[in-house]
Amino acid sequence: MQDNAVQDDAALFDELPVIREQLMAAIGLRIVGQVDVIEQMLIALFARGHCLFIGVPGLAKTLLVSSTASALGLDSGRVQFTPDLMPADITGTEVLEEDRATGLRTMRFIRGPVFTNLLLADEINRTPPKTQAALLQAMQERQVTAAGKTWDLDAPFQVFATQNPIEQEGTYPLPEAELDRFMFSIHVDYPTEEEEIEVVERTTVGRQEEITAVLSREKLLALQDAVRRMPYPDDVKRYAVRLARASRPGPDAPDFINRYLQWGAGPRASQYLFLGARVRAALHGQDTTDIKDVQAVARGVLSHRMVRNFQAEAEGIRALDIVERLLGQVSTK
């Protein structure tokens, strides 16, 4: 029985690099460039993680998420976060219904947009923390409690949120507890000149390409389970934990960590570094996970989990700068 399971996993691992290329090609029908962004998003997707996309308007963050849902054949929902959005607008609400024949009145729960596979939380920082908190249970437990009852969300359930880092008027910083639930924070940058020329041509001439699903929901769930069983050396696990722990200020932390950070990354960072590294290795057809895979996902996992102090802000030290220095100092042995 165990031999059959190993053979099944091996077959799935053989398929993953091909599926990765198919997904990249399908998403590329609408998205120009952004290869690194798509790569990180796919890692989070197969790891069952949530993503926070950070970038200025017009960089196709919303289109990227909708294109990914189309390529996967998943149900998707979109919530435009605004200052007047209420928690019930996300989770759902109870309505009073009357049977015209009998006059009997009953309460019925109408499910909100969170009841989907891939939820796009657009401009998530434009709504108050009270409303943002409506996502916390869904993101962690994959459940929703409303109207005195708890519902399980259908698998897979993942939140892909967008945030504009420039316009801060009328926005609310994401609470640390919410940020920590995102596997990756992915910074979406401007396209190159050639990429921007292609964007202009695609969007102003002709019609938008249709995306055909290249992966079924059942196959996605099987792959998400399989990557968690991927072989790994013990030193990779220890390096992931060591990297996360080195980000926490204290007597054993590097000097620059104590100088620039109030708080470092918690245990979820260790979990996501380790899991993300294994998924990346599987997507690239590797037989096992390497320390380089941990380093490749470290920026997306750690940067939004570091709380900088006044000293860092005064000197213009970004969280990404601190991660780079950390990668250079933490021993790989």
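The values are calculated or read from the model by the stated rules, or taken from the named source; none is laboratory data. Keep in mind the model is a prediction, meaning the values are calculated, not measured. Cβ atoms come from the backbone with ideal geometry, glycine included; neighbour counts cover every protein chain shown.
Of the residues making up the range 247-277, those that are free of Cβ contacts under 8 Å to residues at least 60 places away in the same chain and of a type in the set (D, E, K, R) are Arg248, Asp252, Asp255, Arg259.
Inspection of the range 54-64 identifies at least one residue that is within 17 Å of Arg202 (Cβ to Cβ), modelled with pLDDT of 85 or more, crowded, with 20+ Cβ neighbours inside 10 Å and under 14 Å from the mean Cα position of the chain (by Cα). Candidates in the range 308-323 are the residues that are assigned to a helix (DSSP H, G or I) and without any contact (Cβ under 8 Å) to a residue 24 or more places away in the chain; of these, the one that is nearest to the chain's Cα centre (by Cα) is Ala319. The residues of the range 107-121 that are surrounded by fewer than 19 Cβ atoms within 10 Å (Cβ to Cβ) and farther than 15 Å from Asp152 by Cα, listed by number, are Met107, Arg108. Taken residue by residue, the range 288-307 has at least one member that is free of Cβ contacts under 8 Å to residues at least 60 places away in the same chain, within 17 Å of Ile257 (Cβ to Cβ) and not in a helix (DSSP H, G or I). Do we find that Thr131 is touching a residue at least 40 places away in the same chain (Cβ under 8 Å), surrounded by 15 or more Cβ atoms within 10 Å (Cβ to Cβ) and not in a loop (DSSP other than H, G, I, E, B) in this structure? Answer is yes for this residue.
Under the condition of being under 24 Å from Met230 (Cα atoms) and not polar (S, T, N, Q), the residues counted in the range 14-44 number 18.
In the range 186-193, the count of residues that are surrounded by 17 or more Cβ atoms within 10 Å (Cβ to Cβ), among the β-branched types (Val, Ile, Thr), touching a residue at least 60 places away in the same chain (Cβ under 8 Å) and out of contact with any strand residue (DSSP E or B) (no Cβ under 7 Å at 6 or more places or on another chain) is zero.
Conditions (1) surrounded by 10 or more Cβ atoms within 10 Å (Cβ to Cβ); (2) over 24 Å from Phe160 (Cβ atoms); (3) not charged (D, E, K, R), marked per residue:
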position	(1), (2), (3)
Leu74	yes, no, yes
Arg78	yes, no, no
Leu85	yes, no, yes
Asp89	yes, no, no
Val95	yes, yes, yes
Asp99	no, yes, no
Arg105	no, yes, no
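Looking across the range 148-158 at every residue that is of a type outside the set (Phe, Trp, Tyr), crowded, with 16+ Cβ neighbours inside 10 Å and in contact (Cβ under 8 Å) with a residue 40 or more places away in the chain, the one that is nearest to Glu178 (Cα to Cα) is identified as Gln158.
Take the conditions assigned to a helix (DSSP H, G or I), more than 18 Å from the chain's Cα centre (by Cα) and closer than 20 Å to Arg217 by Cβ and apply them to Ala71. Does it pass? When the stated conditions are applied, Ala71 does not pass them. Annotation note: Cβ proximity below 6 Å between a residue of the range 43-54 that is assigned to a loop (DSSP other than H, G, I, E, B) and a residue that is surrounded by 23 or more Cβ atoms within 10 Å (Cβ to Cβ) (sequence gap 6+ or interchain) occurs for Ala47/Leu275; Ala47/Gly276; Ala47/Val279; Gly49/Met183. Residues that are assigned by TED's automatic domain parsing to the domain that holds Ala10 number at least 2 in the following helices (runs of 4 or more DSSP H) confined to the range 151-267: 176-179, 193-204, 217-227. Among the conditions (1) part of a loop (DSSP other than H, G, I, E, B); (2) free of Cβ contacts under 8 Å to residues at least 60 places away in the same chain, the only one that Val79 does not satisfy is (1). Every test in (1) touching a Leu at 6+ places or on another chain (Cβ under 7 Å); (2) over 30 Å from Gly28 (Cβ atoms); (3) modelled with pLDDT of 85 or more is passed by Met107 save one, and that test is (3).
Select from the range 21-42 the residues that are part of a helix (DSSP H, G or I), out of contact with any Phe, Trp or Tyr (no Cβ under 9 Å at 6 or more places or on another chain) and either modelled with pLDDT of 95 or more or hydrophobic (A, V, I, L, M, F, W, C) (or both) and list them in ascending order. Correct list: Leu23, Met24, Ala25, Ala26, Ile27, Val35, Ile38, Leu42.
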